[in-house]
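Any read-out appearing in this document is the output of simple, stated calculations on the displayed coordinates, not a laboratory observation. Source: prediction; values computed, not measured. Note: ideal-geometry Cβ built from the backbone for every residue, glycine included; neighbour counts use all protein chains shown.
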Protein chains: 2
Amino acid sequence: MSADPLSQTFAALSDPTRRAILARLCTGEATVTELAEPFDMSLPAVSKHLKVLERAGLVARGREAQWRPCRLEAGPLKDATDWLERYRQFWEQSLDRLENYLKQLQSQNPKGDGNGRKS
Amino acid sequence: MSADPLSQTFAALSDPTRRAILARLCTGEATVTELAEPFDMSLPAVSKHLKVLERAGLVARGREAQWRPCRLEAGPLKDATDWLERYRQFWEQSLDRLENYLKQLQSQNPKGDGNGRKS
């Protein structure tokens, strides 16, 4: 795989276990054994996910042969956010359109609460 | 595939052609033929990428049988950004640490430019 860095970052984030591992590492360094505990997964399965995160530069590991604690490397997450930020205006426009539509509905039916619930 | 929405979004973004398609759709709706032009790709190859984007809810297509223009749906990009924003403090900390380190180097060697270049 010679994917570009941004593709590697997004691919690494496309799995809920890998996102949970990153969330766990926000609280501090952890060994593979510690990371495996909450997930009810085998060590090899967790190691496989860690390798994907390491290749994407999202996790770095210590050099101590026995422990090799994992820590979060947040740099690639910044690059991913920078890419996504360019689209902010588009989702804000969508939300504005939705808000205008709801206001329009409300002005057409000023006494109704618009969702059929009874209070 | 029954991946969760966030995993589907990140997986859809993990390809440079798909990201380029989204960038193109920022400028307005486009047909598959129009989308294929700048990529020098076959229509089936572009269609395959579009299907991934559609499944992730990032692209919607018109109903007209012949044209079916594609348009950007930015909602899932907001959810992805919201997830990434939780990590902002970590990359900001890394940048602060780097800045402090560089300041420290500079104070130890106030006359040098720190990188060995000759001016």
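Here are a few things to note about the model shown:
- 0 to 90° range, to nearest 10: angle between helix B:75-85 axis and chain B longest Cα axis: 20 degrees
- Each stretch of four or more DSSP H residues adds -39500 (n - 2.57); spread over every residue of the protein assembly as shown, this sum gives -18000 deg cm²/dmol at 222 nm.
- In chain B, the longest principal axis of the Cα atoms and the axis of helix B:16-25 are about 70 degrees apart.
- Nearest-first distances (nm) between copies at B:T17, label 7 Å from Cα via Cβ: 2.9
- Relative contact order (%) - chain A, alpha-carbon pairs under 8 angstrom, separation at least six: 24 percent
- Shortest-first distances to equivalent copies, position A:G28, nm, label 7 Å out along Cβ: 5.7
- Rounded if a/c under 1.5, otherwise prolate or oblate - segment B:2-66, Cα gyration tensor axes: prolate
- Axis proximity, chain B to A: residue whose C-beta lies nearest, plus whole-Å distance: B:F10, 2
- From the alpha carbon centroid of segment B:13-85 to that of segment A:1-39 is 27 Å.
- Figure legend: label point modelled 7 angstrom from the Cα of A:T31 along Cα→Cβ; residues of segment A:66-89 with amide N under 14 Å from it are A:66-70.
- Peptides B:40-47, B:54-61, A:52-59, A:103-110 ordered by average Cβ neighbours within 10 Å, highest first: A:52-59, B:54-61, B:40-47, A:103-110
- Close amide H pairs (under 5 Å, H built 1.01 Å from N) link A:A30 with A:C70, residues at least 5 positions away or on another chain.
- log₁₀ of I(q)/I(0) at q = 0.09, 0.19, 0.23 Å⁻¹ - chain B, Debye sum with one point per alpha carbon: -0.44, -0.98, -1.29
- Chain A: angle of helix A:43-55 to the longest principal axis, Cα-based, in degrees nearest 10: 80 degrees
- The amide H of B:V59, built 1.01 Å from its N in the peptide plane, has B:E54, B:E73 as neighbours under 5 Å, considering only residues 5 or more places off or on other chains.
- Percent breakdown of C-alpha pair distances by 10 Å bin, ordered from the shortest bin, for the protein assembly as shown: 6, 24, 25, 21, 16, 6, 2, 0
- Set of aspartates and glutamates with alpha-carbon distance to A:K51 below 19 Å, sequence-local pairs under 8 removed: A:D4, A:D15, A:E29, A:E34, A:E37, A:D40, A:E64, A:E73
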